[in-house]
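Nothing in this text is a laboratory measurement; each read-out follows from the coordinates by a stated rule. These numbers come from a predicted model, not from an experiment. Cβ sites come from the backbone with ideal geometry, for glycine too, and all protein chains shown count toward neighbours.
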Amino acid sequence: MMSVPATNHRKIIHIDMDAFYASVEQRDDPELRGKPIVVGGLPEGRGGVVATASYEARKFGVRSAMPSKKAQQLCPQAIFVRPRFAVYKDVSRHIREIFSRYTDLIEPLSLDEAFLDVTEDKLGIGSAIEVATQIKQAIFDELQLTASAGVSVNKFVAKIASDINKPNGLKFIGPSSIEAFMEQLPVEKFFGVGKVTAQKMKSMSLHTGADLKRLEEDELVKHFGKSGRFYYRIVRGIDERPVQPHRETKSMGAEDTFAHDLTTFDEMSVELDKIAQTVATRLERYALKGRTITLKVKYSNFKQITRNQSFSAPVGGVGILAQTAKQLLSATNLDEVRVRLLGISVSNFGELSPKNNGPTEQLKLF
């Protein structure tokens, strides 16, 4: 039977900020403290989407990615606040600096969460639980924010653990406890198991890790493809993925959802100029240029397309970004369309093979 290796355990911490955007807003505005607040698009007009909600709002069922109108229905007293991403990024940089006092093996997942490998911490503390405790305290002392931490021997279990005692929680799941923990875990909590896969599992009477564990690896592969191999290992607590501090950037971009649908090329062109400037600034900040520019368009009926063009030499200037995005847009059918979102991204930062020297174009429907 496969089991967690008995030696050479890594010490992995997953730090997850508590209701990050909402907590920053409540910290900066005392009038919002203790009240249900929703950070994201306003519910008026067509309405936007919830980026995050305070714990006071979550009690009413408000969740991230929920339409703002739905959030208002669930919690009529909710206070809606526009996000301030520049502020959140500054706070995130400070949090990252706190992490770096203990280890250089930091893998950011987003502005508000990261994996840390503290198998050999810089300060020689030796205990991952103590490191996590000190990090949580430093975040609170220096930023007046709370974080939750999960501590274990691999990334998967640490991430699950960080969610157990939220907010301001700390959960350690040691090697001897992992298999029992995974056996009682609902299948929808497993990494990579979405709603459709969870429904399929439950239709097969697979409700928990213990149920999954009864199936042989070949059976899991038969029903779930290559993911079945992952499920077979992870339910036994085996996750050998390292913390990747220098994970390669695949793409960089920006997009904007508009308060009112755009119906003319001129309106869209003005917005593409603004988005191109944002992308160019971000590329410059990270000293990046790419060979592929992608335009994203989402229509009022939520149908979404992307079109891209590749170049023989890396690009990144605002002029070429805006010009290319407009050319790609003009090649679409703009008759009687209503556009709710536009986006520009740059990718292909690596070498481009000679056979791809000419511009290419691809249409992708979702």
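Descriptive notes on the structure:
- Separation in nanometres of the label points that stand 7 Å from Cα toward Cβ, at Gln244 and Ser203: 3.3
- Loop-exposed GluC sites (Glu not before Pro) per DSSP, neighbour cap 15 Cβ within 10 angstrom, longest uninterrupted part of the chain: 121-215
- Dipole size of the range 178-234 about its Cα centre, with +1 on Lys/Arg Cβ and -1 on Asp/Glu Cβ: approximately 260 debye, rounded to the nearest 20.
- For Ser68, Ser92, order by how many other beta-carbon atoms lie within 10 Å, fewest first: Ser92, Ser68
- Relative contact order of the chain, taken over Cα pairs closer than 8 Å and 6 or more residues apart, is 14 percent.
- Taking each DSSP H run with n ≥ 4 as -39500 (n - 2.57) and averaging over every residue of the chain yields -10500 deg cm²/dmol at 222 nm.
- Entries in Lys59/Lys89; Lys171/Lys202; Lys69/Lys303; Lys303/Lys326 that, when Cα-Cα distance is taken, lie over 24 Å: Lys59/Lys89; Lys171/Lys202
- Listed residue (Gly169, Leu283, Ser300) projecting farthest to the positive dipole end of the chain, Cβ model: Ser300
- Contact order relative to length of the range 7-109, as percent, for alpha carbon pairs under 8 angstrom and 6 or more apart: 23
- Two-site FRET efficiency, His9 against Ile125, from Cβ-Cβ distance with R₀ of 22 Å, rounded to 0.05: 0.85
- The stretch between Arg93 and Phe302, if pulled fully straight at 0.36 nm per residue, gains 71.8 nm over its current Cα-Cα span.
- Inter-label distance, Phe172 to Ser100: 2.9 nm, where each label sits 7 Å from its Cα along the C-beta direction.
- Between helix 265-285 and the chain there is an angle of about 50 degrees, using the helix long axis and the longest principal axis of the Cα atoms.
- Rounded to the nearest Hz, the phi-derived 3J(HN,Hα) couplings of the range 58-72 under the Karplus curve 6.51 cos²θ - 1.76 cosθ + 1.60 (θ = phi - 60°) are 5, 4, 8, x, 6, 9, 5, 6, 7, x, 4, 4, 5, 4, 5, where x marks glycine and proline.
- Distance in nm between pseudo-label sites at Met66 and Arg285 (7 Å out along the Cβ direction from Cα): 3.0
- Here's the picture: a label point sits 7 Å out from the Cα of Ile164 along the beta-carbon direction, and within the range 141-158 the residues with their amide nitrogen under 13 Å of it are 149-154, 157-158.
- Just so you know, the averaged projected area of the alpha carbon convex hull for the range 251-365 sits at 6.8 nm².
- Cα shape, the range 178-234, gyration tensor, a/c 1.5 rule: rounded
- Top positive-direction residue, dipole computed over the chain with Cβ charges, set Ala313, Tyr88, Tyr102: Ala313
- Kirkwood-Stokes translational diffusion coefficient of the chain, alpha-carbon pairs, 10 °C, 1.306 mPa s, µm²/s: 68
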